[in-house]
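*Asks:* Right, I'll just put the structure down here and ask away after.
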Amino acid sequence: MNPLDAARAAFREHFGTEPALLVRTPGRVNLIGEHTDYNGLPVLPFAIDRITAIAAAPSPEPALEAVSLGFEPPARLPLDADPAAVPEPWHRYLAAVLAVLRPAAPLQGVRLAIASDIPPASGLSSSSALSVGMLITLDALLSLGLPHGTLAELAARAERLAGAETGGMDQRVIACARERTLLRIDFLPPAMRTIPVPPGWSFVVASSGLPAPKGGTAREAYNERVVGTRIAAALLADMLGAELEDVPILGNVAAIDAAPVLVDELPARISARRAAAAAGVPLERLVTLSAGTFDPETSIPVRAYARHVLAEAERVDLACAAVEAADLPALGELLLASHASLRDDYRCSTPALDALVTAMHRAGAAGARLTGAGFGGFAVAVCEMGRESRVIEAAVRAAGGPAFAVTPSAGAGLA
Ligand code: GLA
């Protein structure tokens, strides 16, 4: 059964009535530009033809009641629930969405049934599909009329409250993507541009066999990268004599010609406390996260992290040019270079992801790389149309699957 029918059926079964509306929200694949978004640097994702469906209706009770076919137990949360006090990870996402919407509108009771065919904890953004889908649902039920760009920003804020200090890529592409196109997203200043996929290209995604739960174990590793790149930005700004207000990010210094050269002068490892003192910035700017404080004594490999982020941002520009020139071999090389940098400098690959990328490349993909935050999850490959089945078979042999072709699809909306 497709997720829309499954959500509708689950709603009827659980609440005994018909839903008032149905929302479909795609997952996403990030083609290139990994761990650049929270540095204010560009990304190149697309929405996929796997969705989370939400069937919903107003409730006479002042609570959010939700049932999910993928997660237990069902949720029943007061409308003023504090996400930090909600122990169940998937309930925390629901509570975080209520928390970010509260200042915008008086909330009313709602009933939801959720079904999805996006593999969870995969790096294909099942959690952002849920948070964006929830916001579209509540926006419609409360007749708020908020634009999708605003809903994407609220969803990103909600996910930060739920614990991982994410950038804004996933929510924006899920809310704003168009069929058969990639979406280049810039953050400084904010901009979006669709790039058509050349005819005859296909994309395959494949599991490495290990989950990467952003709500769980991958969260600490992710937040360490966020703090590590803030540290690098603060130290580089200090070397370049640039004044940074607010939280330092590498996007603030990336355009300065000397920055990539000075990366080699960064300390190999340093703690936030020592870096704050060296760069003369308040420690809180480096370690404050939306849902807590990062340990200021942790020693972080900031030089390698900064090297990855600055080089990856350049690869996004090159990848956009390769897609526009319909140059598949050039794009493939960029994906492979991105993966090597994520493996060696950003240290967020795993042996299973490395083996998967190699296997898909050997089976005829022009290139492949881990997609999403890494630390497990999925890889993406790009190949000529007609070669998908060989790439999929090789991926399943290497890592056990699942592996499947994905099509660049439209963003979220009412079904
Ligand atoms: C996760 C985050 C995104 C982005 C990627 C890494 O998917 O939610 O904001 O940072 O990791 O590129």
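The values are calculated or read from the model by the stated rules, or taken from the named source; none is laboratory data. Treat the numbers as computed from the prediction; the structure is a model and nothing was measured. Glycine also receives a Cβ, built like all others from the backbone with ideal geometry; neighbour counts cover every protein chain displayed. Areas reflect the complete protein model, heavy atoms only, side chains present, ligands, DNA and RNA absent. Shrake-Rupley method; radii C 1.70, N 1.55, O 1.52, S 1.80 Å.
*Asks:* Which percent of the accessible heavy-atom area of the range 216-305 goes to carbon and sulfur, probe 1.4 angstrom?
*Replies:* Working: 1980 of 4090 Å².
Reported share for carbon and sulfur atoms: 48 percent.
*Asks:* Top to bottom by accessible area (1.4 Å), largest first, where do 1, 360 land?
*Replies:* Numbers: 1 175, 360 0 Å².
So the residues, ranked largest to smallest area, are 1, 360.
*Asks:* With Cβ to Cβ distances under 14 Å as the rule, what net charge do the other residues near residue 105 carry (K, R +1; D, E -1)?
*Replies:* Details: positive: 102; negative: 80, 139.
Local charge sum for residue 105: -1.
*Asks:* Tell me, what is the per residue accessible area of the chain in Å², probe radius 1.4 Å? Could the numbers behind the result be given before it?
*Replies:* Details: 15870 Å² over 415 residues.
Spelled out: the 1.4 Å probe surface of the chain, per residue, equals 38 Å².
*Asks:* Relative contact order of the chain, please, whole-number percent, based on alpha carbon pairs below 8 angstrom and at least 6 residues apart. Could you put the intermediate results ahead of the total?
*Replies:* Details: 950 pairs, mean separation 92.7, N = 415.
Taking the mean separation of contacting Cα pairs over the length of the chain, I get 22 percent.
*Asks:* Another question about this same structure. Take the Cα of residue 314, step 7 Å along the line toward its Cβ, and report every residue of the range 157-196 whose backbone nitrogen sits under 16 Å from that point.
*Replies:* No residue qualifies, since no backbone N sits under 16 Å from the label point.
*Asks:* I've got another one for you. At residue 186 and residue 239, where each label point lies 7 Å from the Cα along Cα→Cβ, what is the point-to-point distance in nanometres?
*Replies:* 2.6
*Asks:* Once the other residues with Cβ under 14 Å from the Cβ of residue 55 are scored (Lys, Arg +1; Asp, Glu -1), what is the net sum? It would help to have the intermediate numbers written out before the result.
*Replies:* Numbers: positive: 8, 12, 24, 111; negative: 5, 13, 18, 65.
So the surrounding residues net to 0.
*Asks:* Okay, moving on. Say R0 is 51 Å: what FRET efficiency, to the nearest 0.05, do residue 108 and residue 264 get from their beta-carbon distance?
*Replies:* Using R0 = 51 Å, I get an efficiency of 0.35.
*Asks:* Right, another one. How high is the FRET efficiency from residue 18 to residue 143, r the C-beta distance, R0 22 Å, rounded to 0.05? The partial results should precede the final answer.
*Replies:* Numbers: r = 19 Å, r/R0 = 0.88.
My answer for the efficiency is 0.70.
*Asks:* So how do 204-213, 342-351 stack up, highest first, on mean other-Cβ count within 10 Å?
*Replies:* On the way: 204-213: 22.7, 342-351: 19.0.
Result, highest mean first: 204-213, 342-351.
*Asks:* Could you check which residue among 397, 315, 307 shows the biggest mean-square fluctuation in a GNM of the chain with a 10 Å Cα cutoff?
*Replies:* Sorting by GNM fluctuation, first place goes to 397.
*Asks:* Would you tally the net charge around residue 198, using a Cβ to Cβ cut-off of less than 13 Å, leaving residue 198 out, and scoring K and R as +1, D and E as -1? Before the final figure, lay out the partial values.
*Replies:* Working: positive: 180; negative: 324, 327, 384.
Net charge around residue 198: -2.
*Asks:* Could you work out how much longer the chain between residue 397 and residue 76 gets when fully extended? Use 0.36 nm per residue separation minus the Cα distance between them, nm to one decimal. List each step's numbers first, then the result.
*Replies:* Working: separation 321, 0.36 × 321 = 115.56 nm, distance 4.20 nm.
That works out to 111.4 nm of additional length.
*Asks:* Compute the separation of the alpha-carbon centres of the range 1-74 and the range 355-415 and state it in Å as a whole number.
*Replies:* Computed from Cα coordinates, the inter-centre distance equals 22 Å.
*Asks:* Enumerate the residues in the range 158-183 having an amide nitrogen under 20 Å from the point lying 7 Å beyond the Cα of residue 288 toward its Cβ.
*Replies:* 158-168
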